[in-house]
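Engineer: Before I ask anything, here is the structure I am working with.
The values are calculated or read from the model by the stated rules, or taken from the named source; none is laboratory data. All values reported here derive from a predicted model rather than from experimental measurement. Cβ atoms come from the backbone with ideal geometry, glycine included; neighbour counts cover every protein chain shown. Accessible surface is based on the protein model in full, side chains and every heavy atom, while ligands, DNA and RNA are left aside. Shrake-Rupley method; radii C 1.70, N 1.55, O 1.52, S 1.80 Å.
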Amino acid sequence: MQLVRQNEEKAAERRKSHPGVRARAVVAVLLIAALGSACAGESGDRGGGGRSGDGGGGGGGPVETASEKPGGRAGPDAAGKAAAAKKADALKKADAKKAEAAVAKAQARRAVAAKKWKLAKTPLAAPPPPAVKPRVTTRKGFEVTGGATLPPVFTRVPTKEKVVFLTIDDGAEKDPELLRMMTELKIPYSAFLSDYVIRDDYAYFKKMQARGVSLHNHTLTHPYLPGLSYEKQKREICGQQEKIEKRYGKRPELFRPPYGNYNAATLRAAKSCGVKAVPLWSSEAFPDHMEWREWDRDLHPGDIVLTHFRGKREWKGSMPDMIRHVMKKITDKGYAVAKLEDYV
């Protein structure tokens, strides 16, 4: 026992004489404790059942929401979007039904008018106008030098719809029956006017405009334009632009040359005073017959039909007679009359 005490006393003296040994021992103990804590944390991260931040022992991976879990319920945002889409679809269907009902009522009224005006059949309803107007280009064979920058000349509007367009030229005959007939039948048409034949009754065409008819340019005096100089053509076209604007409040964007005759100077002059397009025609209507530009002598989608403000002094019939004849042809072929300005 005495020997043991002597050894302990010697060891104590060595520790006192070498304090670094004790410090290294303390550091070693602390390091071992830290490593043990880290290992415990790693094992908790890999296999712990708790979620991060809830005191459940780790589990730091991403947490699935109810909408992301298989079979989980959709969140409030998704449910709201689905309800809104369903409501929008229901409103769209309701609007479509209202539109169908409106067309049916309009056709019923048109049928009554057709019987009153002695049409063979009720005119067909035109489809809704296109959301975007088709691009109109010059018909092949109707080009002029430098025409790429000039208003296009065409006889047909590019469309797949079974529609045609009715246009009436000059303005010599001012039949009040035509105004009533077209208003009651709801048949759209466009007028291309020459000042020398409308100046005796501007008010007639004002009434026509009030009924939704667009008034366009057909020159001041209806000359053969290619026989005139550029300056004289410009006077004829731009002069009529100014007349129509003054009398009816709007400068036309469509122009039809008399007899369908034009040259490059005609189109340059027309462009200089605001004309955007030059519609000609595919066929011409009379009270007792049709005349055709096309070899097949038939109607096609987008055809422009020409007729004139004429009466019994020039024709074998009145303007209402002409409308009855041309509408029979159009309706028999399964076509409706649409508004030219909705497409051009």
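Engineer: Round to a whole angstrom and tell me the spacing of the C-alpha centers of the stretch 281-297 and the stretch 240-271.
Structural biologist: Each part reduced to its Cα centre gives a spacing of 24 Å.
Engineer: Solvent-accessible area of Asp95, probe 1.4 Å, all protein chains present, reported in Å² to the nearest ten, please.
Structural biologist: Number for this one is 90 Å².
Engineer: Follow-up. Between Lys333 and Lys133, what is the label-to-label distance in nm when each label sits 7 Å out along the Cα-to-Cβ direction?
Structural biologist: 2.4 nm
Engineer: If we sort 322-332, 213-223 on the protection proxy, mean other Cβ atoms within 10 Å, highest first, what's the order?
Structural biologist: Final packing ranking: 213-223, 322-332.
Engineer: A follow-up question, please. Report the local net charge at Arg109: Lys and Arg +1, Asp and Glu -1, summed over other residues whose C-beta lies under 14 Å from its C-beta.
Structural biologist: Here the count lands on +4.
Engineer: Still on this model: For the stretch 137-277, what is the largest minus smallest coordinate of the Cα atoms on each principal axis, given in angstrom and ordered from greatest to least?
Structural biologist: Principal extents (Cα only, largest first): 45, 39, 23 Å.
Engineer: Jot down the per residue volume, in cubic angstrom and as a whole number, of the convex hull over the alpha-carbon atoms of the stretch 145-226.
Structural biologist: It is 127 Å³ per residue.
Engineer: If the chain between Tyr202 and Ala111 were fully stretched, how many nm would it gain, using 0.36 nm times the residue separation less the Cα-Cα distance?
Structural biologist: Using 0.36 nm per residue and subtracting the Cα-Cα distance, I get 29.6 nm.
Engineer: Here is a follow-up. Leaving ligands, DNA and RNA out of it, work out the accessible area of Glu245 with a 1.4 Å probe and give it in Å² to the nearest 10.
Structural biologist: 80 Å²
Engineer: Using heavy-atom solvent-accessible surface (probe 1.4 Å) with all chains present, what is the largest-first order of Val157, Val132?
Structural biologist: Val132, Val157
Engineer: For Ser229 and Ala125, FRET efficiency with R0 = 56 Å and r from the beta-carbon atoms, rounded to 0.05?
Structural biologist: With R0 = 56 Å, the Cβ-Cβ based efficiency is 0.75.
Engineer: Looking at this model, which pairs from Lys97/Lys207; Lys105/Lys250; Lys115/Lys162; Lys234/Lys333 are more than 30 angstrom apart at the alpha-carbon?
Structural biologist: Check vs 30 Å cut-off fails for Lys97/Lys207; Lys105/Lys250; Lys234/Lys333.
Engineer: May I ask you to give the solvent-accessible area per residue for the stretch 212-344, in square angstrom, as obtained with a 1.4 angstrom probe?
Structural biologist: 43 Å²
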